[in-house]
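Undergrad: Shown below is the structure under consideration.
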Amino acid sequence: MKALSIGIPLSVLSGLLITLSFPTWNVAFLLFFALIPLFMALHNAQNFKQAFFFGWITGFTTLLSGEYWISFTMQEFGGFSKPLSFAVLFLYCLAFGLSTALFTALSYWIKNKSKISELVLLPIIYTSIEFLYPQLFPWYLGGSLYEKIAFIQFIDITGMSGLTFFIVLINILFLKIALYVAKPQKHLFPLKGALSAIALSLAIFLYGQWRILDVYRHSEKSRPISFSLIQTNIGNFEKSIEVQSNLSVIDQVQKRNFQMARAASESKRTDMIVLPETAVPGSLNVNDKTKYEMAAFAQELKTNLYFGGYAETGKHTFNTAYYLNAKGEVVGRYDKIYLLMFGEYMPLSNIFPFLKDLIKEVSDFTPGSEIQNFPLKTEFIGPLICYEDIIPSFVRRVVKNGATVLLNLANNSWFGESACPYQHLALSVFRSVENKVPLVRCTNTGISAFIDATGKIQNKSKLGSAEILSGEVKAPHIQTIYSKIGSMFAVICCVFLLFLIARGFQFKNRT
């Protein structure tokens, strides 16, 4: 009972500290202490069930406090009622919070059957679980360090899993040092661990400094590509538009698109004008009026035009990005591959069609099937739509397909003025770092941004404002180890974890 009374508040504290390290709080240094309360609870756990429970509380608390905006999105995007959206959020936190429960449960079980130091054991288990456990919104422990540019460059070798490993290592090291300071007669000072962590930290920092200079040196050899990003700031269901104007909603949206794009074209010469996800109503590939209108507009602007819209093929509707050249010709089309569950499609509706009728507000898009890249001057544009820019494995495939500049269209108005747009921007930074490819983000309501190949946010818009964001990027044309081998570091951790589990069962059989 005492273990529970101590362990539960400690577990909750860990969850809150992790959330505080992320946007919009941005207290990033807390991440190196955030897991200590959970590890203290784990040390006090009297059995396997308690260890599992403490981890579940931390996972649940982290998600509930950090991804509370899911409830709002369900209401805005999926048409869910408030009670139903809260219920979905609760179940979501329970389900995906299980990843932390698996970590603490496995840690408790293995450490009682192995002599391996916790300084090695806990980082391996946490990194493996984080990598293997399915996530609706791909999220990694080190995501709050997106502004610590020199410190995160080494993920172009290890991927995000290397950063997770290091953070867990530092947390358990700090706990062991604190235990030694509190009771030196009971605990040994972790000298080897401390020296190893110091050496590793120094290596990470020095590599980061060198890598940043290396990227900029290579980038100077490339011609800059300029973009004008049109952040139209049009909400999803602006019902007042038709009331306030004689124009239809569609015509009013197009009027805003054209006004801002013309202003961008007149103010500065640019290689490409970009409109956000689903900015242009109608399906360009079947709607002759929309096709003619956009082609004529590109000719008027006398520059390349890139925008989000729709496409239809038979009964299938796609969330699509179009690329028109200055002559108004369609030279590229990309259909979004990773669709958003409960927003762009209803899960399992292909098996049980009646699910589509349960909540009619949920869209019924078809996923695209082909990764694309589009030529622009001396570079190749890798198209991404919405949250595809936070999926490491997918972005790596886009880069391996030949992309030298990533271009993301998003509509974050579904999330309101919550922490989500800030979190989305933060997580997207790591795709540039992993692959050493600049990323340009054009969003409907914010946050649009230019991110260079080191992950530095060179320029960004405000949330909830109509803006024209202009800038340029240079591609360094560097192929990283991560781009070549992917998440091999995480795979190695998983292999070690399987070995430890097998050894644990052998130990159990012997005893």
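Undergrad: Which of (1) in contact with a Ser or Thr (Cβ under 8 Å, 6 or more places away or on another chain); (2) closer than 24 Å to THR164 by Cα is the odd one out, the single condition PHE430 does not satisfy?
TA: Unmet for PHE430, out of (1) in contact with a Ser or Thr (Cβ under 8 Å, 6 or more places away or on another chain); (2) closer than 24 Å to THR164 by Cα: (1).
Undergrad: Looking only at the range 127-141, how many residues end up being under 20 Å from LEU20 (Cα atoms) and among the hydroxyl-bearing types (Ser, Thr, Tyr)?
TA: First pass over the range 127-141, keeping only residues under 20 Å from LEU20 (Cα atoms): 130, 137-141.
So of that shortlist, the ones also among the hydroxyl-bearing types (Ser, Thr, Tyr) come out as 140.
Selection size over the range 127-141: 1.
Undergrad: May I pose another question? Do you know which residues across the range 471-482 are farther than 21 Å from GLU220 by Cβ and crowded, with 17+ Cβ neighbours inside 10 Å? Spell out how you get there, then give the answer.
TA: Within the range 471-482, the first condition is being farther than 21 Å from GLU220 by Cβ, and the residues that meet it are 481-482.
Within the range 471-482, TYR482 is the sole residue that qualifies.
Undergrad: Further question: Filtering the range 438-450 down to residues that are in contact (Cβ under 8 Å) with a residue 40 or more places away in the chain and outside any strand (DSSP E or B), which residue is nearest to THR278 (Cα to Cα)? Break it down stepwise before answering.
TA: Step one: filter the range 438-450 for residues in contact (Cβ under 8 Å) with a residue 40 or more places away in the chain, giving 439-446, 448, 450.
The next check asks that each one be outside any strand (DSSP E or B); those that pass are 444-446, 448.
Values: ASN444: 9, THR445: 12, GLY446: 14, SER448: 15 Å.
Among those residues, the one meeting the criterion is ASN444.
Undergrad: In the range 329-343, how many residues are more than 20 Å from ILE371 (Cβ to Cβ), modelled with pLDDT of 90 or more and either of a type in the set (Phe, Trp, Tyr) or touching a strand residue (DSSP E or B) at 6+ places or on another chain (Cβ under 9 Å) (or both)?
TA: If we filter the range 329-343 for residues that are more than 20 Å from ILE371 (Cβ to Cβ), which is where we start, we get 329, 341-343.
Okay, now just the ones that are also modelled with pLDDT of 90 or more, so 329.
Narrowing the set further to residues that are either of a type in the set (Phe, Trp, Tyr) or touching a strand residue (DSSP E or B) at 6+ places or on another chain (Cβ under 9 Å) (or both) leaves none.
Count: 0.
Undergrad: Let me ask another. Of everything in the range 364-407, what is among the small types (Gly, Ala, Ser) and assigned to a strand (DSSP E or B)? Give them in sequence order. Please lay out each step first, then the result.
TA: From the range 364-407, those among the small types (Gly, Ala, Ser) are 368-369, 382, 393, 402-403; that's our starting set.
GLY382, the sole residue that qualifies.
Undergrad: Let me ask something else about it. Of the residues that make up the range 67-78, is at least one in contact (Cβ under 8 Å) with a residue 60 or more places away in the chain, under 15 Å from GLY15 (Cα atoms), surrounded by fewer than 20 Cβ atoms within 10 Å (Cβ to Cβ) and out of contact with any Gly (no Cβ under 7 Å at 6 or more places or on another chain)? Give the derivation first.
TA: Kept after step one, since they are in contact (Cβ under 8 Å) with a residue 60 or more places away in the chain, are these residues of the range 67-78: 67-69, 72-74, 76-78.
Cutting the leftovers down to under 15 Å from GLY15 (Cα atoms) gives us 67-68.
So of that shortlist, the ones also surrounded by fewer than 20 Cβ atoms within 10 Å (Cβ to Cβ) come out as 68.
Now narrow it down to the ones that are out of contact with any Gly (no Cβ under 7 Å at 6 or more places or on another chain): 68.
Scanning the range 67-78, I find at least one residue that is in contact (Cβ under 8 Å) with a residue 60 or more places away in the chain, under 15 Å from GLY15 (Cα atoms), surrounded by fewer than 20 Cβ atoms within 10 Å (Cβ to Cβ) and out of contact with any Gly (no Cβ under 7 Å at 6 or more places or on another chain), so the answer is yes.
Undergrad: Among the numbered criteria (1) closer than 24 Å to PHE174 by Cβ; (2) basic (Lys, Arg); (3) in contact (Cβ under 8 Å) with a residue 60 or more places away in the chain, which one does LYS111 miss?
TA: The one condition LYS111 does not meet is (3).
Undergrad: Here is a list: LEU469, LEU463. Which entry is among the aliphatic types (A, V, I, L, M), within 27 Å of SER267 (Cα to Cα) and in a loop (DSSP other than H, G, I, E, B)?
TA: It is LEU463.
Undergrad: Assess whether ALA311 counts as being part of a helix (DSSP H, G or I) and among the small types (Gly, Ala, Ser).
TA: Details: part of a helix (DSSP H, G or I): no; among the small types (Gly, Ala, Ser): yes.
Considered against the rule, which asks whether it is part of a helix (DSSP H, G or I) and among the small types (Gly, Ala, Ser), ALA311 comes out as no.
Undergrad: Take ILE177 and decide whether it is more than 30 Å from GLN254 (Cα to Cα), surrounded by 18 or more Cβ atoms within 10 Å (Cβ to Cβ) and not basic (Lys, Arg). Before you say what the answer is, go through the steps one by one.
TA: Working: more than 30 Å from GLN254 (Cα to Cα): yes; surrounded by 18 or more Cβ atoms within 10 Å (Cβ to Cβ): no; not basic (Lys, Arg): yes.
Against the criterion (more than 30 Å from GLN254 (Cα to Cα), surrounded by 18 or more Cβ atoms within 10 Å (Cβ to Cβ) and not basic (Lys, Arg)), ILE177 does not qualify.
Undergrad: Which of (1) buried (at least 18 other Cβ atoms within 10 Å of the Cβ); (2) assigned to a helix (DSSP H, G or I); (3) modelled with pLDDT of 95 or more is the odd one out, the single condition ALA453 does not satisfy?
TA: (2)
Undergrad: Does ILE152 fit the bill of being touching a residue at least 24 places away in the same chain (Cβ under 8 Å), closer than 28 Å to THR100 by Cα, surrounded by 14 or more Cβ atoms within 10 Å (Cβ to Cβ) and among the β-branched types (Val, Ile, Thr)? Can you show your working first?
TA: Details: touching a residue at least 24 places away in the same chain (Cβ under 8 Å): yes; closer than 28 Å to THR100 by Cα: yes; surrounded by 14 or more Cβ atoms within 10 Å (Cβ to Cβ): yes; among the β-branched types (Val, Ile, Thr): yes.
So ILE152 fits the description; yes.
Undergrad: Moving on. Please specify each residue of the range 368-387 satisfying the condition of being closer than 11 Å to ILE337 by Cα and touching a helix residue (DSSP H, G or I) at 6+ places or on another chain (Cβ under 6 Å).
TA: Result: ILE371, single match.
Undergrad: What is the one condition in (1) surrounded by fewer than 23 Cβ atoms within 10 Å (Cβ to Cβ); (2) more than 21 Å from the chain's Cα centre (by Cα) that ALA95 does not satisfy?
TA: All conditions pass for ALA95, except number (2).
Undergrad: Hey, could you check the range 48-84 for residues that are modelled with pLDDT under 85 and of a type in the set (Gly, Ala, Ser) and say which is farthest from the chain's Cα centre (by Cα)?
TA: SER81
Undergrad: Suppose we filter THR58, THR24 for residues that are crowded, with 23+ Cβ neighbours inside 10 Å and assigned by TED's automatic domain parsing to the domain that holds TRP139; which single one remains? Outline the logic, then answer.
TA: Details: THR24 fails: crowded, with 23+ Cβ neighbours inside 10 Å.
So the residue among THR58, THR24 that is crowded, with 23+ Cβ neighbours inside 10 Å and assigned by TED's automatic domain parsing to the domain that holds TRP139 is THR58.
Undergrad: Return yes or no: is THR127 in contact with a helix residue (DSSP H, G or I) (Cβ under 6 Å, 6 or more places away or on another chain), closer than 13 Å to PHE60 by Cβ and in a helix (DSSP H, G or I)? Lay out the reasoning, then the answer.
TA: Details: in contact with a helix residue (DSSP H, G or I) (Cβ under 6 Å, 6 or more places away or on another chain): yes; closer than 13 Å to PHE60 by Cβ: no; in a helix (DSSP H, G or I): yes.
Considered against the rule, which asks whether it is in contact with a helix residue (DSSP H, G or I) (Cβ under 6 Å, 6 or more places away or on another chain), closer than 13 Å to PHE60 by Cβ and in a helix (DSSP H, G or I), THR127 comes out as no.
Undergrad: Specify the residue that is farthest from VAL274 (Cα to Cα); the eligible residues are those in the range 369-386 that are buried (at least 21 other Cβ atoms within 10 Å of the Cβ) and out of contact with any Pro (no Cβ under 8 Å at 6 or more places or on another chain).
TA: Checking each candidate, the answer is GLU379.
The values are calculated or read from the model by the stated rules, or taken from the named source; none is laboratory data. Remember, it's a predicted structure, so these values are computed and weren't measured experimentally. Glycine gets a Cβ as well: all are built from the backbone with ideal geometry, and neighbour counts include every protein chain shown.
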